[in-house]
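What follows is one structure encoded as structure tokens, with my remarks underneath.
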Amino acid sequence: MRFFKYVVKFLVVIGALDLGVIGVANYDVLGNLFGGMGAPMMTYGMAPRIVFVIIGIAGLLSLICLLKHCCCCNDGNKKDKGQGGGCCR
């Protein structure tokens with residue numbers, strides 16, 4: 001079950017980073033990587049691109065937490081070492 005959680009988190013991070021790249025550079029990495037289904041890239045307005053960038057930043061932060069195993073269980077925060085609460089659950 002733990003492996004499944006990491007796979008799901010990894011897929012969410014990949015999706016969020018792809019949306020971030022769409023927001024910043026208007027380039028769909030996953031769409032171009034897997035064929036793109038022949039559809040041209042849509043031009044988005046400013047509001048959706050801002051949302052995409054925010055989602056991309058969240059994905060980047062999630063990736064850092066995923067690579068560290070836990071974003072709140074470092075030595076600087078000794079109150080939560082996996083015994084409840086925080087992202088250590």
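Being aromatic (F, W, Y), modelled with pLDDT of 70 or more, part of a helix (DSSP H, G or I) and exposed (fewer than 13 other Cβ atoms within 10 Å of the Cβ) is a property that Y6 has.
Pairs linking a residue in the range 3-20 that is under 7 Å from G59 (Cβ atoms) to a residue that is polar (S, T, N, Q), with Cβ atoms under 6 Å and 6 or more positions apart or on different chains, are V13/S62.
The values are calculated or read from the model by the stated rules, or taken from the named source; none is laboratory data. All of these numbers come straight from a predicted model, not from anything done at the bench. We place every Cβ from the backbone using ideal geometry, glycine too, and count neighbours over all the protein chains shown.
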